[in-house]
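To start, the structure under review is shown below, and the notes come after it.
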Amino acid sequence: MKKHVNEEPPHIHMGSSKNELMLKTFLMMSVIAVASVMVLGLGAFIHILIALGTVLIIHCSIHSFQIWKGMEPTYASPASPMVAGMIVGLSMPIAAPFEITAAVAALTILAFKYGQGKYFKRKYLNPAAASKSVLLLLLSLKTLREGMLLHPHHLDLNLATAEGLQSSMWIFGRETLPFIGTNLSPAQSLFLWQTHGWIGGASSLVVLVVGSIAAYWLKFKWRIIVSTLVSMTILAAGFGVYLGGDPVLRIAFHVFTGSVIFLAFFMATEPQSTPMTNTGQYAFGFSLAVLTFGLQLFNVLGGSIIALVILNIFTDRFDKMVLKKPYGHKGVKG
Amino acid sequence: MTNHKYFFEKGGFKMDISMKHGAEKKSFRIMKPPKKAIIFMQQHIGTCNEPLVKKGERVLTGQKVGDAKGTMTVPVHSSVTGIVEDITKIYHPVSNRMETAVIVKREGKEEMESLPPVDLNDRKKIIELVREAGVVGMGGAAFPTHIKLASEGVNTFIVNAKESDPNLVCDVRLMIEKPEEIVKGIKLMAKALDVKRTIFATRTQEGEIPELERMMKAGGIEVRRVTPSYSVGSEKLLVRELMGKEVPCGKFPPDIGVAVNNVSTAYAVYRAAYLGEPLISRGLSFYTQNTGIDNLWFRTGTTVKELMGGMDEKISRYDRYILGSLMMGWATKDIQTPLLKYTSGLTAFTKKYARPYEKQLKCIRCGYCDSVCPVDIYPSLIMKADRESDVKALKRLHVEDCILCNLCSFVCPSHIRLTEHLFDGKDKLGNAD
Ligand code: SF4
Ligand code: SF4
């Protein structure tokens, strides 16, 4: 080392690390996982375990290989892969076959976590969303080959009308809140206790509470969450009024399905694939809501995931939108 | 040394300053004049001085040994009585270049060359005196004080006693030990500025330094408590906090009728005006893990080695030294580095003290750095633009507005030292313009 000036400032650090951030994120998601298992039972637990296990096995193999070859390990600790595994587990529909969960988890860690980082220097696409999109694409090709435009589960849905929405909601309208024994309406069920859809969205209330704490504690990109959920609510309310029917049910459906609420907190805020600027984040959240809402109206399977992946591609564009005005550029105040 | 993790948006960063708690109670230890004083010609922002003495010449304490023509200049003075041993280029710890220094070997009985007394009711004479005394911004900026005092159209004078850096406490100690002198210095500066309103901005709590507060009140000086968050000590940010207005881009506080000076600078003005002493000594906060913080009064030109010796610290134990603030100061390994007019702190780290930015990970785009930036720019995007040498983006991102407070690096979970990109970005933009 040179004798003279060696280091630029600063010489102290706040003390936090990427690893710590990941572990805390994992911890927060674990709370959601516990709630989901309570609502959905053993099946949810197995999905989460498969996702986590798959990701960890692949990560440990790559890590050991890298160490063996004398390479710098891509992830020094398993914290970040664990978060990816947990996201996969929580973003799987409860009805999905277990092998599909394993496939999504494998694709996530291999192609979109390790692969993206290595070949594109940074993650442009949300790993879990991208791998789910790939599988959705394969599924859609299969249904298309079978002459169906939409997935068979969604063929009968017609969410663009009041009646269509009402009649599709039977799936959420059969829950009874345990311990209390109250029968839940579809809207209540969507908010409190849903046994259909994403594992992570089994209780929107839990996601809202835990997600808000995590967003505050871990400084998630909260503007994305706020603008997604607010835009979605406004869109749903507006369409509810325009199309008629129960506006509360429409809001509950468009905001509180797991694919929206869980995604808004834990996937749409994934740091690497989302915008950095304030306006960019608001615009990103708004676009995510509009795109997801549109795809939901057309009954497209995995609408929010597709919307997220599409918007991830334009993240750098969002960053070029209006920037905050720096100090001294705002004119004289007060 | 750990730091707390509260942070709010827009630079209101509540940094843990527990390392300096109680240190303001420690009196200044007067350090012996150095055996050899290394007087750099460049100890201010502006044109570099030329030596006024020759090798072998005898100089007195307080004698001017370097000066230059032009407005942005302030002379430098010998801090000891002795013989000019050498005039040579040595490594400057701040400019990071070889710079001319006069080396004076202390010899014989100390003799002082005082500044000639001036009429302290004459604004122009005060400003001239401040220049002749070599007074510069002692908070670390080293901006020539007489230039600030000569600004026209100033109606508010802010005395910055914020001292927000986690390792510095010497300003507060000075406020405890020298309240009367500080008030006298402030009044002289206010006279030079010809202002009606003077604000004393301090992080101390009401009743903490009652004597100073009483004198301020008697002298018609407003005392304002400022939030103890880091980086608001920057003069532009202090103006926003106290006055509710911003200094427009490319301008300085006097352009909006405000002048800001550090409290230690006010004391240096007092010493020049009432004791006839140029700026040849000052206070500093000294820190090692061993000793905690001590307040020292040293002569400029004292080397790190001599100061450490004076503190009975074994030099071999230490690996590197930080001059000034831990957030903004530069590190050196060279124990012959002299302390300057604007050196407000010296921290000695052993090898064991980990370098927090040694292992930098990839940027995860978490945006922490952007959210704490007190001037509302985007350090993460600037880093990217700098790496890609994208001058257009650097311009759009206003890298020139960065005040180099280093909060962005401090909070980065990937431990990226963004400083180098901010410096580089400024350079690239400057070269392109
Ligand atoms: S804080 Fe560090 S990791 Fe986060 S965006 Fe800024 S530079 Fe990147
Ligand atoms: S160093 Fe510059 S970019 Fe970083 S926080 Fe401070 S002002 Fe903002």
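The values are calculated or read from the model by the stated rules, or taken from the named source; none is laboratory data. This one's a predicted model, so the numbers in the text were calculated from it and none came from an experiment. For neighbour counting, all protein chains shown are included, and Cβ atoms are generated from backbone atoms with ideal geometry for every residue, glycine included. Only protein heavy atoms, including side chains, enter the accessible area calculation; ligands, DNA and RNA are left aside. Shrake-Rupley method; radii C 1.70, N 1.55, O 1.52, S 1.80 Å.
Some observations on this one:
- Mean residue ellipticity (222 nm) of the protein assembly as shown, computed from DSSP H runs ≥ 4 via -39,500 (n - 2.57), nearest 500: -12500 deg cm²/dmol
- Expected-Rg normalisation [2.2 N^0.38 Å, Cα atoms] applied to the protein assembly as shown: 1.16
- Accessible area of residue B:421 in the full protein assembly, 1.4 Å probe (Å², nearest 10): 20
- Ranking of B:404, A:184 by solvent-accessible surface, largest first: B:404, A:184 (1.4 Å probe, protein heavy atoms only, all chains present).
- Histogram of C-alpha separations across the stretch A:65-131, 5 Å bin width, %: 4, 17, 25, 23, 16, 9, 4, 1, 0
- Qualifying lysines (Cα of each under 22 Å from Cα of residue A:69; at least 8 residues distant if same chain): A:113, A:118, A:121, B:359, B:362
- C-alpha long axis of helix A:247-256 to longest principal axis of chain A, angle in °: 30
- DSSP-assigned coil residues among GluC sites (Glu not before Pro) in the stretch B:306-372, each with at most 13 further Cβ atoms within 10 Å: B:358
- 1.4 Å probe accessible area per residue over chain A, in Å²: 44
- For the set B:241, B:50, the ranking by accessible area, highest first and with no ligand, DNA or RNA atoms included, is B:50, B:241 under a 1.4 Å probe.
- Over the stretch B:36-106, relative contact order from alpha-carbon pairs under 8 Å, at least 6 apart, %: 37
- The reciprocal of the average 1/r between distinct C-alpha atoms defines the Kirkwood hydrodynamic radius, which for the stretch A:155-320 equals 16.1 Å.
- Fraction of accessible area attributable to carbon and sulfur, chain A (%, probe 1.4 Å): 71
- Taking 20 Å as the straight-line reach from the Cα of residue B:314, the aspartates and glutamates in range (excluding those fewer than 8 positions away in the same chain) are B:294, B:306, B:334.
- Share of carbon and sulfur in the accessible heavy-atom surface of chain B [1.4 Å probe, %]: 52
- DSSP H segments from chain B that extend 15 Å or more along their own axis, Cα-based, with Kyte-Doolittle mean of 0.0 or above: B:179-193, B:263-275
- Percent breakdown of C-alpha pair distances by 10 Å bin, ordered from the shortest bin, for chain B: 4, 21, 32, 28, 13, 2, 0
- Pairs of Cα atoms farther than 26 Å apart, the stretch B:117-275, %: 18
- Remark: accessible area buried at the B-A interface is about 5500 Å², both chains counted, probe radius 1.4 Å.
- Principal-axis tilt of helix A:42-68 within chain A, Cα atoms, nearest 10 degrees: 20
- Under 12 Å from residue B:395, Cα to Cα: aspartates and glutamates that are on another chain or at least 8 residues apart: B:386, B:427, B:433
- Residue mean of other protein chain beta carbons inside 10 Å, B:320-330: 4
- Unsatisfied cross-links (Cα-Cα over 32 Å) in the set B:25/B:245; A:18/B:351; B:36/B:124; A:142/A:219; B:184/B:245: B:25/B:245; B:36/B:124; A:142/A:219
- Prolate/oblate/rounded call for the stretch B:220-323, Cα gyration tensor, a/c under 1.5 rounded: prolate
- Nearest-10 value in Å² for the accessible area of residue B:124, using the 1.4 Å probe: 150
- Available extension along the chain between residue A:182 and residue A:38 is 50.2 nm, counting 0.36 nm per residue and deducting the alpha carbon span.
- For chain A, the longest principal axis of the C-alpha atoms and the axis of helix A:222-243 are separated by about 20°.
- Residue B:314 versus residue A:234: modelled label distance in nm, points set 7 Å from Cα along the beta carbon direction: 6.8
- Considering only chymotrypsin sites (Phe, Trp or Tyr not before Pro) in DSSP loops that have at most 14 other Cβ atoms within 10 Å, the longest stretch of chain B without any of them is B:9-433.
- Per residue, the accessible area of the stretch B:117-275 comes to 37 Å² when a 1.4 Å probe rolls over the protein heavy atoms.
- Among A:320, B:251, the order of accessible area from largest down is A:320, B:251, computed with a 1.4 Å probe on protein heavy atoms.
- Ligands, DNA and RNA aside, residue B:191 has an accessible area near 90 Å² when probed at 1.4 Å.
- Peptide B:370-379 is shielded by partner chain Cβ atoms: per residue, an average of 4 of them sit within 10 Å of its Cβ.
- Taking every residue in B:354-365 and counting other chain Cβ atoms within 10 Å of its Cβ, the average works out to 5.
- In this structure the stretch B:36-106 gives 41 Å² per residue of accessible area when probed at 1.4 Å with all protein chains present.
- The value of relative contact order for chain B, using C-alpha pairs under 8 Å at least six residues apart, is 18 percent.
- Put the Cα centre of the stretch A:4-75 next to the Cα centre of the stretch B:244-276 and the gap is 50 Å.
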